[in-house]
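Below is one structure; the comments refer to it alone.
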Amino acid sequence: MIKGEKVILDVIDSENIEWMRQQRNKPEMRKYFREWKEISKDKQAAWYDAIGNNTADNHVYFEIRNDEVIFEDSGDVLVGSGELIGCCNLSYIDWRLRSAEFGIFLCDKARGAGLGKDTLLTLFNYGFKEMNLHKIWAEVYEFNQALHVYTSGIGMAVDGRIRHSTFCDGKYHDSVMLSILEDEWFKKYGK
């Protein structure tokens with residue numbers, strides 16, 4: 001278990017993979033992933049058995065839990081403490097180059113409260129300090145509203161664009177390649 005300011009990252013409990021599959025299969029969520037087709041229960045179970053349970057050498061997955069109660073403006077509880085809100089990972093880990101691609105998804109009600117940023121700060125801190133990574137990177141579609149969190153909020157650099165790398169909502173879109181290096185991380189966030 002890894003504790004951030006607002007979230008807890010923990011190994012994925014096999015009991016939660018169906019919830020993750022259902023979240024991931026929402027059409028508004030699928031457009032952000034390379035694997036844009038719906039995922040079957042069998043495919044989700046095979047993913048968990050192969051890499052989602054952290055037995056593969058080059059993938060580390062975590063379920064994300066909220067560590068505080070978040071209230072709506074009306075005063076009702078929006079996200080409870082300890083509630084499962086998403087999944088994050090460091091994947092395609094290249095141990096020779098000390099690099100990994102990150103991934104994250106949050107359920108609808110957990111967005112906009114700073115939980116994604118705290119998740120990434122916690123995940124990247126783990127990647128640089130515990131895993132001794134040199135670079136954490138991602139390919140993000142240009143229409144992803146979280147791009148500003150990755151660049152302005154976290155401090156990732158834009159490395160380039162891949163033109164027309166996905167088709168969504170009737171048109172082609174570019175991918176933005178992002179990364180942050182260990183020296184940039186430690187300069188911004190300390191040892």
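Take the Cα of PHE33, step 7 Å toward its Cβ, do the same at THR55, and the gap between the two points is 2.1 nm. To make sure I understand the rule: partners must be lysines, Cα under 30 Å from the Cα of LYS188, and not fewer than 8 residues away in the same chain. Which ones qualify? Result set, ordered by chain and number: LYS3, LYS6, LYS109, LYS117, LYS129, LYS135. For ILE85, the residues 5 or more places off, or on other chains, whose built amide H falls under 5 Å of its own are ILE64, ARG65, ASN66. Multiplying each eigenvalue of the alpha-carbon gyration tensor of the stretch 83-191 by 5 and taking the square root yields semi-axes of 23, 18, 13 Å, largest first, rounded to whole angstroms. Each Lys and Arg contributes +1 and each Asp and Glu -1, all at the Cβ; summed about the Cα centre of the chain, the dipole is approximately 580 debye. Ordering GLY116, ASN25, VAL140 by Cα displacement along the dipole of the chain toward the positive end leaves VAL140 in first place; charges were set at the Cβ atoms of Lys, Arg (+1) and Asp, Glu (-1). About the centre of its Cα atoms, the stretch 44-114 shows a dipole size close to 340 debye [charges on the beta carbon of Lys, Arg (+1) and Asp, Glu (-1) only; nearest 20 debye]. Between ASP67 and ASN132, the contour length at 0.36 nm per residue exceeds the Cα-Cα span by 20.8 nm. Sequence-ordered 3J(HN,Hα) estimates for the stretch 136-142 from the Karplus curve with 6.51, -1.76 and 1.60 and θ = phi - 60° stand at 10, 9, 7, 10, 10, 5, 4 Hz, glycine and proline given as x. Rounded to the nearest whole Hz, the Karplus-based 3J(HN,Hα) values (6.51 cos²θ - 1.76 cosθ + 1.60, θ = phi - 60°) of the stretch 92-103 follow the sequence 6, 5, 9, 5, 6, 7, 6, 10, 8, 8, 9, x, with x at glycine and proline.
In sequence order, the stretch 129-134 has phi-based couplings of 8, 8, 9, 6, 6, 9 Hz under the Karplus curve 6.51 cos²θ - 1.76 cosθ + 1.60, θ = phi - 60°, and Gly or Pro positions carry x. Centre-to-centre separation between the Cα atoms of the stretch 94-143 and those of the stretch 1-59: 14 Å. In the chain, excluding the sites themselves, the longest stretch lacking any of the chymotrypsin sites (Phe, Trp or Tyr not before Pro) that are in a DSSP loop with at most 15 other Cβ atoms within 10 Å is 37-94. Relative contact order of the stretch 31-79, taken over Cα pairs closer than 8 Å and 6 or more residues apart, is 16 percent.
Over the chain, Cα pairs under 8 Å with separation of 6+ residues give a relative contact order of 17 percent.
We did not get these values from a lab; they are worked out from the coordinates using the rules stated. Note that the structure is predicted; figures quoted are calculated from it, not measured. Counting neighbours? That spans all protein chains shown, and the Cβs are built from the backbone with ideal geometry, glycine included.
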